[in-house]
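All remarks here apply to the structure that follows.
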Amino acid sequence: MPDEIEEIQQALEKAAREIKTPQDLQRFKEEFLSRKKGRITSLFKRIGSLPPGERSSFGKRVNQLRALAERLYTEAEENLREGRWKQQLQRAIPDPTLPGFYKKIPPLHPISEITHLIEEIFLRMGYDIEDGPEVESEYYNFDALNIPPHHPARQEQDTFFLEQGLILRTHTSPVQIRAMRRRKPPIRIIVPGRVYRRDEADPTHTPMFYQIEGLVVDRGISFAHLKGTLETFLKTLFGEETKVRFRPSYFPFTEPSAEVDISCPVCGGTDPHCSVCGGAGWIEILGSGMVHPQVLRAGGVDPEEYSGFAFGLGVDRISMLWRGISDIRNHYWNRLDFLEQMK
Amino acid sequence: MRVSINWLREYIDLRLKREELEGLFSSMGFPPEEIIDWGDDLIFDLEVTPNRPDCLSHYGIAREASVFLDLPLRKIEFSLKESDEKANFPIEIRERSLCPKYVARIVEGVEVGPSPDWLVEKLEKMGLQSINSVVDLSNFLLYTIGHPTHVFDLDKLEGGIIVRRAEQGEKLLCLDGEERELSEEDLIIADHRRPVAIAGVIGGEASGVDFSTRRVLIESAYFDPVTVRKTSRRFALTTDASYRFERGADPMIQEFAADYLAYLISQVAGGRVLKGRLVAGGWKEERKIRTSFSFINSRIGQEVEREFIQKKLISLGAVVRVEGDTLEVIPPSWRRDLSIPEDLVEEVARFLGYGAIKGKLPPVEMPQGLKTPQRDLLWRIRNYLAGLGYSEAMTYIWTSIQADEFSGGRGVPLRIKNPVDKEMPLLRRSIILTLLDSVSLNLRMGRKGARLFEVGRVYWWEGEAKEEKRLAIVEAGEIKGRTWEEGPREASYYSLKGTVEALLDRFSLRPNFTLASHPLFEDGFSLSWEGLNLGVVKKQVLELYEIEVPVFAAEIPLSLFPMEIRREYEDLAKYPYVRRDISMTFPEQVKFQDVERALASLSIPILRNFRLIDLYQGKGIAPGRKSMTFSLEFRAGDRTLTSEEVDQQVKRIIAALERELSGELRK
Ligand SMILES: [Zn+2]
């Protein structure tokens, strides 16, 4: 009888290998595992007819055979299912290297991104964001900022005059006055916004651009505070390795005044032919100073009690530095070929 | 201001290399704009700030450098020999406030000729051409000590000098060959017959010095900066003289300048300097700054040694009195920019070097920008629209008059008197108009379509200037699909409207649009709600921008959006939705909005969603009618709905649509 077990086992293995369809699987089940007429079942039925000494070992072997048949059946069933799934996949994904389905989400305007970044830094330093009108009076734009009529710094040829007696603000500084009148010290604000200068557009000028003004007014504010703040800001924005340099300068609304340079973010001062710094190694990045007492007074703040500092920076310039954009006009042409690059 | 290093070395022992000189000028506050190699000399073109007219000369720069470098300054020394004959020529100032001081000297028997080489070369370095020895010396003096003088041919002056305002209609042929018509605003120098110079700006041709001149009158005066500036602006004429006078001349230098120029003329062109100066008016210095060491230190933010402060202030030419902590400073006459304690703070900081001041952060007791709702709102709007496939644009705010007529704006437009582009003088009253420029540019540059938005302002006049922040969205041409799965499609009204609806929904705004008539949009294809306008841009407008494809646009006041984040929340549904679709036909003119309203008036609380899922007209539908298929979703918060209950509501809906909108249920 052992021969018959072996025989069935061989048939079983062969049949299992040949299962290709659900019908094959069904036939396999009926032939070997059916409780009524399956070949393994019939072996069990024969146990009773064996001599008692052989029954146990025979039974053991038949059990093993059945376990094998069941295992092969499950495997075949899984393979079959797997095969169908693969076919479906094959139909759905004929070529896994085809491009994925997507629609690009366009990036925001670079001026928006940079402004947001700068705002974020100052918000973390405890500043608020202020706002003011773009159509301004000459008083707020000039006089209140200690630039009386006929002052050499009153750049009238750069100013857009409106027929209704107003002007387009030439800088965000008028908001200094408006904010001081609205708020009580301590004041810590930045003012992002559009400003207008009557320049013909060329690669380095546009008649409209973005500035961010900063103003801090409190008791005991010093030039050292101005330095510390701008150094922290510029190193955060351009990287810890950035060097920051303060140079004396002149603005009617600050005293002392300082122009601020950073080490060239492109070449770090190592390339004499650098297209960004022209080999100078430094880039003028913003103007700043201690708020002039006349300006504090115009804002209703007592200069005997309070002092402050202010600064103004051009967002377009930073955007250009950031990306290596060589023509500022790109910011306002809004060519999609440009905007879509601003990731 | 051009500076020759060799010339500087006549007054100060500068032994600095090129880079060191650059650094020195920068730390003074005058960064070089250009450096020119000139034989054995170096010429620096310095950007001298307008508050420092005292540095618009070689001696002035040397004086400043001597304070910075603690080097001695060589004074200009000369010995003027006067003849026994007394100078005599009447000088009268009629406008004391505009010309407080006028000093003159007379030199007789000069022989005006070409200038010696040294003089020609010096002027060449300054970019000036040699004219004749006397005129050249006047220019040389200007570049030496910074004070502008003028030299008249005395034989061409009649009677005496009068400093007065011009009379209306007076004219003067100037040294540059141009005849200028003067006004009462202008301060002039006249003789007893006619104007001979525009004070502080330019001299007259007729009284100028030429090779035949024998007797000269040297003018060395102080003119009011504002008057000089006004006149110079009006004539659009900036001269070396006006540039210095409008920034403020040294009011104490007139005598020295007249003497020195007389000396130079007598040395170079010969002649006798007549005895004595002719002086009208005078100047009293009254400036005195009271401050303290502790004020200076607190403004700088660190302790600066008293000796340093005192030493530097003295070496810049100030008279300093110290009493305990108090400082009393009389600034030198040439430093017109020093008048308040803060000015001294800057001086100390500059001499200390800005780099030597250690930065620190100001103490923050309470941060201020804890909430920035407007910024956050804009950021959310921007990102949402980008997510829907729109690029953010920023456009110039000016439009043409023709375009503005379509703006539908309030009030009247604000108009720029001096626009960059004469065709674009008006401030925009609609952002869509300026966005159309960008659409047009993109199409011309070969893009097949554009979807853009801008967050900006519109401006108008309504008794006062008004500004409103708005969001504008435009789309035109081809819209890219999802790569190869879905081809490109055309921009459409519904796509634009859907964008607006989606954006409003993002902020829980439920618009109740009404069909509107707006100058920017085609009649019948425009909706409005609470200041929001959207529609199909008029063909006439597109023609102005040379756009040949349809453009769909919307403009929304930002005030429409809530600044606060919504706080409502509805518990997740415990009971299932029951969905029913119904298909009905309606007469063509029935609008979707009519159906919405009919449904709303039924107020069925369990009707939670109502959507149009198909619109059809054609085969199988009677002519003049259209079919709409709606999906209705019902749900109750407190129970599972029964079929009967839902069916009953569906029947009500159908009945209402049949009754009110002549609807017919499709079988
Ligand atoms: Zn560089």
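The values are calculated or read from the model by the stated rules, or taken from the named source; none is laboratory data. The model shown is predicted, which means the values in this text are computed figures rather than measured ones. Because the Cβ atoms are built from the backbone with ideal geometry, glycine has one as well, and the counts that use them run over all protein chains shown. These accessible areas exclude ligands, DNA and RNA; they are computed on the full protein's heavy atoms, side chains included. Shrake-Rupley method; radii C 1.70, N 1.55, O 1.52, S 1.80 Å.
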Only one of these conditions is not met by B:Arg9: (1) among the basic types (Lys, Arg); (2) within 20 Å of B:Tyr143 (Cβ to Cβ); (3) within 14 Å of chain A (Cβ to nearest Cβ). Which number is it?
(3)
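Go through segment B:293-366 and tell me which helices (runs of 4 or more DSSP H), entirely inside it, have 3 or more residues that are of a type in the set (A, V, I, L, M). Even if it seems obvious, please write down each step before you answer.
Numbers: elements: B:293-300, B:306-315, B:341-352.
Output list reads B:306-315, B:341-352.
Of the residues that sit in segment A:78-105 and are basic (Lys, Arg) and more than 7 Å from chain B (Cβ to nearest Cβ), which one is nearest to A:Leu25 (Cα to Cα)? Break it down stepwise before answering.
So in segment A:78-105, the residues basic (Lys, Arg) come out as A:81, A:84, A:86, A:91, A:103-104.
Subsequent filtering for residues that are more than 7 Å from chain B (Cβ to nearest Cβ) retains A:81, A:84, A:86, A:91, A:104.
Values: A:Arg81: 11, A:Arg84: 14, A:Lys86: 18, A:Arg91: 24, A:Lys104: 49 Å.
Ranking the qualifying residues of segment A:78-105, first place goes to A:Arg81.
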Do we have A:Glu240 as over 26 Å from A:Ile187 (Cβ atoms), away from the ligand (no atom under 14 Å from the Cβ) and either of a type in the set (Asp, Glu) or over 32 Å from the mean Cα position of the chain (by Cα) (or both) here?
yes
Residue set B:Ser298, B:Ser333, B:Ser294, B:Ser315; condition within 10 Å of chain A (Cβ to nearest Cβ) and more than 31 Å from the chain's Cα centre (by Cα); output residue B:Ser298
Which one of B:Glu664, B:Glu644 is touching a residue at least 24 places away in the same chain (Cβ under 8 Å), over 58 Å from the mean Cα position of the chain (by Cα) and open to solvent by 80 Å² or more (accessible area, probe 1.4 Å)?
B:Glu664
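Residue-by-condition table, conditions (1) in contact with a strand residue (DSSP E or B) (Cβ under 9 Å, 6 or more places away or on another chain); (2) crowded, with 20+ Cβ neighbours inside 10 Å; (3) facing another protein chain (nearest Cβ under 9 Å):
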| residue | (1), (2), (3) |
| --- | --- |
| A:Pro107 | yes, no, yes |
| A:Glu113 | no, no, no |
| A:Glu130 | yes, yes, no |
| A:Pro133 | yes, no, yes |
| A:Tyr140 | no, yes, no |
| A:His150 | no, no, yes |
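Filter segment A:253-273 for residues that are open to solvent by 10 Å² or more (accessible area, probe 1.4 Å) and more than 13 Å from the ligand (Cβ to nearest atom); which is nearest to the other protein chains (Cβ to nearest Cβ)?
Our first condition is that a residue be open to solvent by 10 Å² or more (accessible area, probe 1.4 Å); within segment A:253-273, this holds for A:253, A:255, A:259, A:263, A:265-273.
In the following step, the residues that additionally are more than 13 Å from the ligand (Cβ to nearest atom) were identified as A:253, A:255, A:259.
Working: A:Phe253: 12, A:Glu255: 4, A:Glu259: 8 Å.
By that ranking, first place goes to A:Glu255.
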I'd like the full set of residues that are at pLDDT 95 or above, among the charged types (D, E, K, R) and open to solvent by 10 Å² or more (accessible area, probe 1.4 Å), limited to segment B:453-482.
B:Arg457, B:Glu462, B:Glu464, B:Lys466, B:Glu467, B:Glu468, B:Lys469, B:Arg470
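Within the group B:Ala241, B:Ala280, which residue is part of a helix (DSSP H, G or I) and under 30 Å from A:Pro149 (Cα atoms)? Before you say what the answer is, go through the steps one by one.
Numbers: B:Ala280 fails: part of a helix (DSSP H, G or I).
That would be B:Ala241, the only listed residue that is part of a helix (DSSP H, G or I) and under 30 Å from A:Pro149 (Cα atoms).
In segment B:252-266, is there at least one residue being assigned to a loop (DSSP other than H, G, I, E, B), at pLDDT 95 or above and under 37 Å from the mean Cα position of the chain (by Cα)?
Step one: of segment B:252-266, the residues assigned to a loop (DSSP other than H, G, I, E, B) are B:252-253.
Next cut, at pLDDT 95 or above only: B:252-253.
Then keep just the ones that are under 37 Å from the mean Cα position of the chain (by Cα); that gives B:252-253.
Within segment B:252-266 (the criterion being assigned to a loop (DSSP other than H, G, I, E, B), at pLDDT 95 or above and under 37 Å from the mean Cα position of the chain (by Cα)), the answer is yes, since at least one residue qualifies.
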Give segment B:249-259 a look and list any residue that's touching a helix residue (DSSP H, G or I) at 6+ places or on another chain (Cβ under 7 Å) and open to solvent by 50 Å² or more (accessible area, probe 1.4 Å), or say none.
none
Which of the numbered conditions does B:Ile565 fail, given that it passes all the others? Conditions: (1) among the β-branched types (Val, Ile, Thr); (2) part of a strand (DSSP E or B); (3) surrounded by fewer than 15 Cβ atoms within 10 Å (Cβ to Cβ).
(2)
When segment A:212-232 is examined, which residues are found to be under 34 Å from the mean Cα position of the chain (by Cα), buried (at least 22 other Cβ atoms within 10 Å of the Cβ) and not basic (Lys, Arg)?
A:Ile212, A:Glu213, A:Gly214, A:Leu215, A:Val216, A:Val217, A:His225, A:Leu226, A:Thr229, A:Leu230
Here is a list of conditions, (1) touching a Ser or Thr at 6+ places or on another chain (Cβ under 9 Å); (2) crowded, with 19+ Cβ neighbours inside 10 Å, and B:Ala262 meets all of them except one; can you say which number that is?
(1)
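Do you know which residues across segment B:348-364 are within 7 Å of another protein chain (Cβ to nearest Cβ) and either open to solvent by 30 Å² or more (accessible area, probe 1.4 Å) or of a type outside the set (D, E, K, R) (or both)? Walk me through it before giving the result.
Initially, segment B:348-364 is screened for residues within 7 Å of another protein chain (Cβ to nearest Cβ), giving B:349-350, B:354-355, B:357-362, B:364.
B:Ala349, B:Tyr354, B:Gly355, B:Ile357, B:Lys358, B:Gly359, B:Lys360, B:Leu361, B:Pro362, B:Val364, listed by residue number.
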Look at A:Ser257 and say whether it is among the polar types (S, T, N, Q) and part of a strand (DSSP E or B).
yes
Output the residues belonging to segment A:152-183 that are within 11 Å of chain B (Cβ to nearest Cβ) and hydroxyl-bearing (Ser, Thr, Tyr).
A:Thr159
Please work out which residue is farthest from A:Ile177 (Cα to Cα), limiting yourself to segment A:274-329 and to residues that are more than 16 Å from the ligand (Cβ to nearest atom), β-branched (Val, Ile, Thr) and not in a helix (DSSP H, G or I).
A:Ile328
Can you tell me which residue in segment B:225-248 is nearest to the other protein chains (Cβ to nearest Cβ), limited to those that are crowded, with 20+ Cβ neighbours inside 10 Å and farther than 16 Å from B:Leu56 by Cα?
B:Arg229
Report, by residue number, each residue of segment B:271-305 that is touching a helix residue (DSSP H, G or I) at 6+ places or on another chain (Cβ under 7 Å) and either open to solvent by less than 40 Å² (accessible area, probe 1.4 Å) or at positive phi (or both).
B:Gly271, B:Val273, B:Ile289, B:Thr291, B:Phe293, B:Ile296, B:Arg299, B:Ile300, B:Gly301, B:Val304
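Residue by residue, here is whether (1) part of a strand (DSSP E or B); (2) more than 25 Å from B:Lys448 (Cα to Cα); (3) in contact with a helix residue (DSSP H, G or I) (Cβ under 7 Å, 6 or more places away or on another chain) holds:
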residue	(1), (2), (3)
B:Leu504	no, yes, no
B:Ser508	no, yes, no
B:Asn512	no, yes, no
B:His518	no, yes, no
B:Gly524	yes, yes, no
B:Ser528	yes, yes, no
B:Gly535	yes, no, no
B:Leu542	no, no, no
B:Ala554	yes, no, yes
Whether any residue in segment B:525-541 is on the phi < 0 side of the Ramachandran plot, without any contact (Cβ under 8 Å) to a residue 60 or more places away in the chain and acidic (Asp, Glu) is what I want to check.
no
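So, in segment A:23-35, of the ones that are assigned to a helix (DSSP H, G or I) and over 10 Å from A:Ala76 (Cβ atoms), which residue ends up least open to solvent (accessible area, probe 1.4 Å)?
A:Phe32
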